[in-house]
Each structure stands twice: as C-alpha cells, then as structure tokens.
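Remarks on the structure that follows.
The values are calculated or read from the model by the stated rules, or taken from the named source; none is laboratory data. Here the structure is a predicted model, which is why all the values come from computation and not from measurement. Here Cβ is always computed from backbone atoms with ideal geometry, including for glycine, and neighbour counts include all displayed protein chains.
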C-alpha cells in the first residue's frame with residue numbers, strides 16, 4: 001500500500017499577548033510566524049490601515065454538549081449518534097488516562113463546506129498548512145484559562161477528525177504542554193470508536209509491512225521532534241503504537257504512562273518518557289516489535305478500520 005499524505009492536521013498553537021509584546025509559545029509547530037501575523041493584523045485593524053473584512057467564524061446555530069460548544073452556519077441535529085458518542089469521549093479519555101477532568105469549554109467551529117473552511121483558515125491563520133481540521137490553544141490577553149478552539153469542515157471523516165482534535169483539547173484542558181509525539185499518539189488512539197479499543201488496523205498492517213525494511217522504531221528520535229511538520233505517516237503510526245503498547249501490554253508500562261501524565265500536570269519538563277519505559281522493557285525496539293505482532297485485528301480489518309488517513313496532519 002502506497003503511503004499517503006494526511007490531509008487532516010492536528011496542529012496545536014498557542015498565541016500569547018501581554019505587556020504590549022506578542023510572542024508565540026507553540027506547543028507543536030515550533031515557529032513564531034503565527035503569532036507575528038496576528039500581531040500585525042491586530043495592529044493594522046487598530047490603526048485603520050487594513051480595510052479588509054475578514055470572514056467570520058460559524059455562529060448562526062449553537063448548541064452545547066459539555067464540555068463542547070458547537071457553532072455552525074448550517075443546521076446540525078444535536079441528537080445525531082455522532083454527538084452522542086462525542087459526549088462520552090471526555091469520560092473515556094479521562095477515565096482511561098486517570099486524569100481529573102478539566103473545566104474548560106472547548107469551542108468547536110463546524111464549516112459546511114471545504115471552500116468556506118479554507119477561506120476562513122487562510123484569512124485568519126495564513127501560515128498554517130492546509131488540513132482538514134485544527135486544534136488551536138490560544139492564551140487570553142488578560143490571562144486566565146487558555147481558549148481551546150477546534151476548526152473543521154463537515155465531511156465523511158467528521159467523526160474521526162472531531163474525536164482526534166477533541167482529544168487534543170481534552171488533554172490541553174488539564175495539561176498546558178504535552179510532548180508532540182505523545183499528544184499525537186494519544187489523539188490517534190482515541191480517534192477510534194470505543195469498541196475498537198484503540199486498534200487502528202491500517203496502522204498495524206502498514207507497520208507490519210514496513211518494520212525492518214523502510215521503517216525502524218526509535219522512541220528516542222520520536223521524543224526529540226518539536227515541529228509537527230516533522231511528523232509524517234511513519235511518525236504518527238509509531239506514536240500510536242507506543243501509546244497502544246503502554247495501555248495494553250504490561251501493567252507496569254501503563255503505570256509509566258499514567259505517572260508521566262500526572263507529572264506533566266505539575267511540571268512542564270518532567271524529562272523523557274522513554275527512559276522510564278526502558279525500565280520496564282530493557283529492549284524498547286524488541287518490545288515494540290513483539291507488541292505489534294501480538295495485536296489482534298478484527299476479522300474484517302479493513303471494514304473496521306477508518307479510511308487510511310491522508311498524512312502529514
């Protein structure tokens with residue numbers, strides 16, 4: 001199977017404004033162009049030097065399913081199975097990761113068409129790459145809890161996209177910073193419906209095909225990645241499998257993950273997770289390979305798997 005390029009992205013950005021100085025503290029993308037663009041645009045608007053009318057976000061229809069507020073310009077039925085499932089996502093994520101639920105509201109902007117979505121994202125976030133969905137973490141001007149924003153367009157992957165981006169939002173509502181690879185690995189894990197138990201059949205098949213040939217597991221390298229643009233298909237799949245391994249292999253491995261997440265809540269720099277996991281698995285690469293071999297796929301794996309994501313996100 002030829003590797004595809006993921007059209008849906010999960011990029012976490014944090015914009016910080018204070019004391020007249022605007023600086024970007026990016027959780028994932030690792031560059032300052034995003035915040036600088038916002039600053040110049042805001043300054044232009046204040047001085048009247050920019051006469052452009054920027055497209056407004058969706059907002060004609062609004063409904064709440066705690067902790068999310070959905071906003072759209074087309075009518076969406078809150079009773080759809082999609083939203084009933086998303087209502088349970090928060091409990092699933094916090095229960096499995098043993099995290100105390102956050103209190104922040106997540107604003108989810110649903111665009112009816114790709115054209116409307118692309119127009120808005122290009123106007124407001126010009127330097128972001130084209131993706132199907134984004135999670136953006138933005139610090140408020142006057143302080144307080146960060147704004148947690150999700151932008152996406154309605155389409156045949158809306159369930160997968162929303163579960164992925166909302167997982168980011170749920171994590172960042174209780175932890176300001178999450179290492180890039182772990183943030184994406186957890187989002188890949190929880191983007192799947194609960195009855196899948198985190199098993200992405202497409203990822204498994206691709207990893208089994210490529211391991212030892214065009215791909216080598218390397219958690220140390222993965223932990224050093226700081227820019228989401230460095231995350232390609234292999235990195236997303238590897239991050240997902242490390243998360244699945246920790247949650248579904250040895251109890252000691254799960255304890256390593258859960259303890260690390262608790263440490264992240266109190267300390268933005270708790271060190272690398274790999275060194276802790278190496279205490280449980282003296283050979284991480286062998287543990288990765290063994291776990292990959294032991295994952296049981298559904299009988300009809302392709303039917304049960306979400307359509308192969310188009311990478312990088």
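Do we find a residue being farther than 21 Å from residue 176 by Cα, touching a strand residue (DSSP E or B) at 6+ places or on another chain (Cβ under 7 Å) and buried (at least 17 other Cβ atoms within 10 Å of the Cβ) anywhere in segment 231-243? For segment 231-243, residues farther than 21 Å from residue 176 by Cα, touching a strand residue (DSSP E or B) at 6+ places or on another chain (Cβ under 7 Å) and buried (at least 17 other Cβ atoms within 10 Å of the Cβ): present.
Taken over segment 148-162, the criterion of being surrounded by fewer than 23 Cβ atoms within 10 Å (Cβ to Cβ) and assigned to a helix (DSSP H, G or I) is satisfied by 158, 159, 160. Checking the stated criteria, residue 131 turns out to be touching a helix residue (DSSP H, G or I) at 6+ places or on another chain (Cβ under 9 Å), assigned by TED's automatic domain parsing to the domain that holds residue 80 and surrounded by 19 or more Cβ atoms within 10 Å (Cβ to Cβ).
Restricting attention to segment 199-208, the residues that are over 17 Å from residue 290 (Cβ atoms) and either in contact with a strand residue (DSSP E or B) (Cβ under 9 Å, 6 or more places away or on another chain) or not in a helix (DSSP H, G or I) (or both) total 2.
Selection within segment 73-83: residues that are more than 24 Å from residue 194 (Cα to Cα) and free of Cβ contacts under 8 Å to residues at least 60 places away in the same chain. The member of this set that is surrounded by the most Cβ atoms within 10 Å (Cβ to Cβ) is 73. Taking the criterion of being modelled with pLDDT of 95 or more, over 15 Å from the mean Cα position of the chain (by Cα) and buried (at least 18 other Cβ atoms within 10 Å of the Cβ), would at least one residue in segment 179-188 satisfy it? No, segment 179-188 has no match at all.
Yes/no matrix, rows are residues, columns are (1) in the same structural domain as residue 258 (by TED's automatic domain parsing); (2) exposed (fewer than 15 other Cβ atoms within 10 Å of the Cβ); (3) more than 30 Å from residue 75 (Cα to Cα); (4) modelled with pLDDT of 95 or more:
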| site | (1), (2), (3), (4) |
| --- | --- |
| 143 | no, yes, yes, no |
| 203 | yes, no, yes, yes |
| 208 | yes, yes, yes, yes |
| 222 | yes, no, yes, yes |
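Taken over segment 267-313, the residue count meeting the criterion of being modelled with pLDDT of 90 or more and more than 18 Å from residue 189 (Cβ to Cβ) is 17.
Note on segment 84-142: among residues that are part of a helix (DSSP H, G or I) and free of Cβ contacts under 8 Å to residues at least 12 places away in the same chain, the one that is farthest from residue 251 (Cα to Cα) is 115.
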